[in-house]
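Structure, as structure tokens:
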Protein chains: 4
Amino acid sequence: MKKVVLAYSGGLDTTFCAIHLSKDKGYEVHAVLVNTGGFSEEELKTIEDRASKLGVASFKVLDVTKTYYEEVIKYLIFGNVLKNQTYPLSVSAERILQAKSLAEYAKSIGAKAVAHGSTGAGNDQVRFDMIFQTILPEAEIITPIRDLKLSREEEIDYLKKHGVSMNFEKAAYSINKGIWGTSVGGKETLTSHQTLPEDAFPTQISKTDREEITLAFNNGELTGVNGTSYDNPVDAILKVQELAGPFGIGRDIHVGDTIIGIKGRVGFEAAAPLIIIKAHQLLEKHTLTKWQSFWKNQLSEFYGNHLHEGHYLDPVMRNLEAFLADTQKFVSGDVRVALMPYRFSLIGIQSDHDLMSSKFGSYGEMNKGYTAEDVKGFTRILGNQTAIFHKVNQTLENE
Amino acid sequence: MKKVVLAYSGGLDTTFCAIHLSKDKGYEVHAVLVNTGGFSEEELKTIEDRASKLGVASFKVLDVTKTYYEEVIKYLIFGNVLKNQTYPLSVSAERILQAKSLAEYAKSIGAKAVAHGSTGAGNDQVRFDMIFQTILPEAEIITPIRDLKLSREEEIDYLKKHGVSMNFEKAAYSINKGIWGTSVGGKETLTSHQTLPEDAFPTQISKTDREEITLAFNNGELTGVNGTSYDNPVDAILKVQELAGPFGIGRDIHVGDTIIGIKGRVGFEAAAPLIIIKAHQLLEKHTLTKWQSFWKNQLSEFYGNHLHEGHYLDPVMRNLEAFLADTQKFVSGDVRVALMPYRFSLIGIQSDHDLMSSKFGSYGEMNKGYTAEDVKGFTRILGNQTAIFHKVNQTLENE
Amino acid sequence: MKKVVLAYSGGLDTTFCAIHLSKDKGYEVHAVLVNTGGFSEEELKTIEDRASKLGVASFKVLDVTKTYYEEVIKYLIFGNVLKNQTYPLSVSAERILQAKSLAEYAKSIGAKAVAHGSTGAGNDQVRFDMIFQTILPEAEIITPIRDLKLSREEEIDYLKKHGVSMNFEKAAYSINKGIWGTSVGGKETLTSHQTLPEDAFPTQISKTDREEITLAFNNGELTGVNGTSYDNPVDAILKVQELAGPFGIGRDIHVGDTIIGIKGRVGFEAAAPLIIIKAHQLLEKHTLTKWQSFWKNQLSEFYGNHLHEGHYLDPVMRNLEAFLADTQKFVSGDVRVALMPYRFSLIGIQSDHDLMSSKFGSYGEMNKGYTAEDVKGFTRILGNQTAIFHKVNQTLENE
Amino acid sequence: MKKVVLAYSGGLDTTFCAIHLSKDKGYEVHAVLVNTGGFSEEELKTIEDRASKLGVASFKVLDVTKTYYEEVIKYLIFGNVLKNQTYPLSVSAERILQAKSLAEYAKSIGAKAVAHGSTGAGNDQVRFDMIFQTILPEAEIITPIRDLKLSREEEIDYLKKHGVSMNFEKAAYSINKGIWGTSVGGKETLTSHQTLPEDAFPTQISKTDREEITLAFNNGELTGVNGTSYDNPVDAILKVQELAGPFGIGRDIHVGDTIIGIKGRVGFEAAAPLIIIKAHQLLEKHTLTKWQSFWKNQLSEFYGNHLHEGHYLDPVMRNLEAFLADTQKFVSGDVRVALMPYRFSLIGIQSDHDLMSSKFGSYGEMNKGYTAEDVKGFTRILGNQTAIFHKVNQTLENE
């Protein structure tokens, strides 16, 4: 019997795939749920129970949160990556890592086929296919939902017929949760002019009083929160989320280009990602030189876009990561952040690597290292070429 | 008698310069206040009255708000320019235009010298000198404050001796006001770890109830607010400021590289600039293609930095403006924005040029223009090179 | 009868298409040869004679050399575009313009289908399809060669059966000729390690004595050669080709990424394009400022790649062209070039806009505009940030 | 007695400095010649003999060719750096390393002053000062030539008076020789319109018959020539120079922006640098992916410019080097090059990492990995956004 590894999430589509592939198609189905931080223990238990009744040969949960951090999130922080200046790539980043983990698992058990439940209408199909065809070039990629083009009702009928009992009600908003943010799609995000209502967001707002927190960074990585150190940066991220989430911080709507060329819009809430990226960025403003900042911004934008579009395995991504990692050598210090309902503000930083160090002159006061005459000379030379340009071309003659 | 045009602001330093240049140095001083929107009629009257007593040959107010918009602000909006992702370049942009206006005025009256009151410690001296040496290559540039290195007390004594009566008390925070934002510097901004207190900001918060406003853009320019059209975009900007300012929106602290190589930190409040830029950017997300957005971001960052550093007259700036202007051809439509205390959120847009138009397929639903098979083929080819790379180099063999 | 516009070149594949579409498929075939400078009058006559016997409803030659120059070549010169630092995009640029001209012609005669003879293995199919689906979104795109996957022998048999007499012998090298260069593909270019033999190149070398020529540029456009002015820049290009071609100048092999992700290799000879681009570039080195050159290079590389990949109609291309055109304002003057067998060298330039003008100081001699003290001050400030960085981080302590 | 380390080259200016600093100024002068490959044993002996008579406390030759390669040249090869598409940065790169070596030597012997013989008119003063002020922030920088502004004749008189006998005749062309190329400045390079005469170049042309050579690269580094391996890449570079130099290959004139804002022009001959860079680049075209090439080009241009302008110690340079080094992982293989009088041509490459490997499909033939249908789907999706853009905006309606 041919082994297939199925990307399983416990939802309607992948439950359909599990039954369809094993019962209709005769595959030995190995259902794998790749957990990037979006599932509680309870949820996983429920999913596992149900999976056992679908005729699959095995069901496995791969907890990849640490790998997710090391291989993806870390660089999104180094690069302060917010797609279109807004979105921390919550879902895009997750899919990449899920696809990669699945492909490696398939290779490890010798499966010659992989399956996913994506439709033919979105980004995820491209991300899964691209990663699979690279890591498993010989494997068959099976996508029942995309190929059969079933309606939701047809899927439900099929599942009922096969004795599956689950909540078949369509949620008003489709939610995708992970450690790097939660996406929220629904009625309003299909239009251009409406915003999501308050109750579309899963987090309940339970804090209203201003709080201050301190984030400690070490070579660009979040290693402490409020004085507590964390060996695993994932725990530090979860701590920030725990503290800031109840304020309703980090909600917004992302509008951008999908891989397939149309525009897409999706809501999200991502308190920890937003706070961590902005705090990290402030620390960088104090510790990097001008051209380090410039090139980091230029390259990070491409890095984020290329990741979003599923090109994670293009070797240029490793090259860019080498650049980003190298910039973080002195990005160490504490950042103080104030949390308030729906917003946060950055108070300031303390760092041994702060280039604003008053030892070397303060802005607005005369500096120990140079004189007013130096600045005059500097300016004369700095403006030399532009001055020559206008003289040669007499562009300012008649103004 | 040698004519000198003095950049006059009515403050301590330039008042000192006016007297010093006319009485001690024997120049025919033409004091010019270049108004970029930071002075009320009353303030101008007071300044004019005082100027007439300083022995200057003439005093003139140049109202350049319209030129400021046409030559600078317009492109800052087209480019969504926020230096270091934060600061709308309020002061930097203003200085450039002031220096340029002064130089042109000096040329028009045949003055062979120009003077400004900058110290030797900041960015402004570089901006003034660079513009002056380009537009007036033969003119002498006189900078008494920078050269004499007087203390505040010495200046005050000098002014008192010359019979000047003005408020000599040092304000707790130095404020620079203009149509593109107000900067706030003081005790806390000289450190890295403190933020400005609420009362450092000049605007009083008087609105607390959520309001919604609609901004109308035409080819990237703000032409209407709440249904009212404005012939002069400056008026539209002032209207947004009037509506949003009382919410305390747009306050933040900018940290960045000064022209002279040290780090600087400055607070600001800039409700209108922030709202207009973010609204404009959202409209662009709906109307520009992926690569238009990418290159706009890359080039705008450089444009903002180069402007900040005083290189406004480098011809590359005109080239970049030609690019930016060309991208705005279809950036037209309405953006709806919600205003709340200390923050705003973008609700959505309506535009005839919205590429998310449902006529051509919606994200997450199958599209009229292509099939699932197309996407499969697309992905196979799109991932071709990366797949070949890994096969050739056997990089994934042992994973 | 359904009208189809067929991209016709007179070769084996498109001759097959003409008969197949009219006789087997019953289309009203309008065969169109888009001439971008690769055909002589004689060749066109021969092709026309043959076309008349293939059962097509009409045959038409569109001479688009002027449009080709105005819409494509001009910007390739402005941008000094050499793909992978080598290839003037001879074929890529031509295909774009051919596809665009065909699509516009199809629209003008109300054809609801367009056909081209590309195989499924190369770049051209993508370029044709992309342009067609944008300009003619409702039209059917017909590609018999790609779809039928016939062997060369099968096509020949088919043509013979239909009474076509033409030279069926396969040339050792496939040649594509146009005003912006001639491509040469064959046995050696299918490998990575061999170069093309001398006789693979169509041009015979008939000049051996060094000659000097002068190219006159006006706002970046070639307007004169050896003292003669040309109203139509196409004629100036042809003149350069006439003078330089017989030296065997401009031969090389391009290796690069195809649109479909594999690497491709193709020989070319392009005397005029190489000489014009390099001469233009030298003139720019004398007339542009540092940052104009920098950004031109960065953007032109993308422009060339995007064009090569068929994205000519992406509006970002117009934006980049606006930038490029704006940089050419002062790129005017004469460039003197020495021609020798297989190579050329740039002698120098003369231009009223030369920023090396000795009026403003010569390199290596003290300048009128500044003093040695100015340079000292300049350097002190210029190196300020790097010096502070190393002090703060004590990176050089133990070296 | 105050120790000063003098950058000594044996020429007129630094010989003057040696005597002036020791005899007139009373310094303990430590003359250091930093050899980056431009001096023969004989030349060094002559210089040493003369130095011993100038009253200096010590004379030392630092042979830094290996360091020069490891810290600079290696990255110029990785980045295929040719400033303004022409110049291998022969002199600029050398000055940086010389300044750095001198500063480190001064630190090691506890000298509190450093001296160099630059004039106030060129780039070198900026490079020396920038490196010195960063590595030796407390040290005095002494520049007698720049400060005293002596004429050549005054210097000669001074030296004669102090009993120095050397060749005081001014060479027609000033030559600067090093392992990464030889610069040639003189009469013609002070103008824009003339080229250097044949005899201005130091290398005599003694080979006329075509030769082929093979360069072996390993992770981007040149490790073999014609089948011989070299432990020290400097020896491999010298071997290429020995083989190619006598052909007169690699001569050209560089025109570009000096650090001080004026344009400069300098001739050079650099057979080995040109051949190595172009061979390396060809190997990269076969082994890197499209986006690796794109970003390498963009970043390398900045890297070369920033190095040229003396910013070697800006930490962004280390970050860019990390990127460049990471791209070289699979840039290994052999490149075959044909040498001819005044020119060379690249024949082809052989590499295990060649992405053109015929195992994965050849350009122009149908590929094993995908079908014509795949390409159709690919194109449909790839052109999706542009097609939507034109539909929405009806830009093509009336064409």
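The values are calculated or read from the model by the stated rules, or taken from the named source; none is laboratory data. Predicted model, so just to flag it, every value in this text is computed and none were measured. Every residue, glycine as well, gets a Cβ built from its backbone with ideal geometry; the counts of neighbours run over all protein chains shown.
Some notes on this structure:
- Qualifying residue in the range A:178-191 (condition: of a type outside the set (Val, Ile, Thr), within 11 Å of chain B (Cβ to nearest Cβ) and buried (at least 19 other Cβ atoms within 10 Å of the Cβ)): yes
- Of the residues making up the range A:1-26, just one is farther than 19 Å from A:Leu159 by Cβ, surrounded by fewer than 23 Cβ atoms within 10 Å (Cβ to Cβ) and in contact with a helix residue (DSSP H, G or I) (Cβ under 9 Å, 6 or more places away or on another chain), namely A:Lys3.
- Filtered residues of the range D:157-181 (kept if within 16 Å of D:Arg50 (Cα to Cα) and in contact with a helix residue (DSSP H, G or I) (Cβ under 7 Å, 6 or more places away or on another chain)): D:Tyr158, D:Leu159, D:His162, D:Val164, D:Met166, D:Phe168
- Of all residues in the range B:257-278 being touching a strand residue (DSSP E or B) at 6+ places or on another chain (Cβ under 6 Å) and not in a helix (DSSP H, G or I), the one that is farthest from the other protein chains (Cβ to nearest Cβ): B:Ala270
- Annotation: C:Thr208 fulfils all but one of (1) exposed (fewer than 12 other Cβ atoms within 10 Å of the Cβ); (2) in contact (Cβ under 8 Å) with a residue 60 or more places away in the chain; (3) part of a helix (DSSP H, G or I); the unmet one is (3).
- Residue that is surrounded by the most Cβ atoms within 10 Å (Cβ to Cβ) [pool: residues in the range D:284-296 that are in contact (Cβ under 8 Å) with a residue 60 or more places away in the chain and at the interface with another protein chain (Cβ under 7 Å from one of its Cβ atoms)]: D:His286
Residue-wise test of (1) of a type in the set (A, V, I, L, M); (2) assigned to a helix (DSSP H, G or I); (3) under 14 Å from C:Lys296 (Cα atoms).
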position	(1), (2), (3)
B:Leu299	yes, yes, yes
B:Phe302	no, yes, yes
B:Leu307	yes, yes, no
B:Phe323	no, yes, yes
B:Asp326	no, yes, no
B:Asp334	no, no, no
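- Candidates C:Ile131, C:Ile145 - the one that is within 20 Å of C:Leu21 (Cβ to Cβ) and either surrounded by fewer than 16 Cβ atoms within 10 Å (Cβ to Cβ) or more than 25 Å from the chain's Cα centre (by Cα) (or both): C:Ile145
- Scanning the range B:97-123 for residues that are in contact with a Gly (Cβ under 7 Å, 6 or more places away or on another chain) and of a type in the set (A, V, I, L, M, F, W, C) yields a count of 1.
- Test: residue in the range A:39-59 that is buried (at least 18 other Cβ atoms within 10 Å of the Cβ) and within 27 Å of B:Arg380 (Cβ to Cβ): no
- Count of the range C:1-35 residues which are of a type in the set (A, V, I, L, M), closer than 12 Å to C:His116 by Cα and in a loop (DSSP other than H, G, I, E, B): 0
- Options A:Val316, A:Val335, A:Val375, A:Val331: the member that is surrounded by 23 or more Cβ atoms within 10 Å (Cβ to Cβ), modelled with pLDDT of 95 or more and under 25 Å from B:Ile259 (Cα atoms): A:Val331
- Positions within the range D:27-44 being at pLDDT 95 or above, out of contact with any helix residue (DSSP H, G or I) (no Cβ under 6 Å at 6 or more places or on another chain) and not aliphatic (A, V, I, L, M), in sequence order: D:Glu28, D:His30, D:Asn35
- Among the candidates C:Ser206, C:Ser293, C:Ser300, C:Ser229, residue that is under 30 Å from D:Leu382 (Cβ atoms) and out of contact with any Phe, Trp or Tyr (no Cβ under 7 Å at 6 or more places or on another chain): C:Ser300
- Selection count, the range B:337-351, where residues are part of a strand (DSSP E or B) and either free of Cβ contacts under 8 Å to residues at least 40 places away in the same chain or within 7 Å of another protein chain (Cβ to nearest Cβ) (or both): 6
- Of all residues in the range C:87-102, none are without any contact (Cβ under 8 Å) to a residue 24 or more places away in the chain and crowded, with 21+ Cβ neighbours inside 10 Å.
- The range C:313-336 residues that are within 7 Å of chain B (Cβ to nearest Cβ), paired with ones that are among the basic types (Lys, Arg) and buried (at least 19 other Cβ atoms within 10 Å of the Cβ) (beta carbon under 7 Å, 6 or more apart): C:Thr327/C:Lys296
- Hey, A:Asn305 in contact with a helix residue (DSSP H, G or I) (Cβ under 6 Å, 6 or more places away or on another chain), within 26 Å of A:Ser92 (Cβ to Cβ) and at pLDDT 95 or above or not: no
- Test for B:Lys66: is it touching a residue at least 60 places away in the same chain (Cβ under 8 Å), surrounded by fewer than 16 Cβ atoms within 10 Å (Cβ to Cβ) and over 20 Å from A:Leu396 (Cα atoms): yes
- Top-ranked residue in the range C:117-127 [being out of contact with any Lys or Arg (no Cβ under 7 Å at 6 or more places or on another chain), more than 16 Å from C:Tyr27 (Cβ to Cβ) and not aliphatic (A, V, I, L, M); ranked as modelled with the highest pLDDT]: C:Asn123
- Residue count for the range D:148-173 satisfying the condition of being modelled with pLDDT of 95 or more and within 29 Å of the chain's Cα centre (by Cα): 1.
- When B:Gly220, B:Gly227, B:Gly267, B:Gly248 are screened for being buried (at least 22 other Cβ atoms within 10 Å of the Cβ), touching a residue at least 12 places away in the same chain (Cβ under 8 Å) and at positive phi, only B:Gly220 passes.
- Residue within the range D:352-364 that is modelled with pLDDT of 90 or more, facing chain B (nearest Cβ under 10 Å) and under 25 Å from the mean Cα position of the chain (by Cα) present: no
- For C:Val81, the stated conditions hold: it is under 18 Å from the mean Cα position of the chain (by Cα) and in contact (Cβ under 8 Å) with a residue 60 or more places away in the chain.
- Single residue of the range A:111-128 satisfying the filter (polar (S, T, N, Q) and within 9 Å of chain B (Cβ to nearest Cβ)) that is farthest from the chain's Cα centre (by Cα): A:Thr119
- When the helices (runs of 4 or more DSSP H) confined to the range B:51-116 are screened for residues that are modelled with pLDDT of 95 or more and either of a type in the set (Gly, Ala, Ser) or outside the structural domain of B:Glu138 (by TED's automatic domain parsing) (or both), those reaching at least 2 such residues are found at B:90-108.
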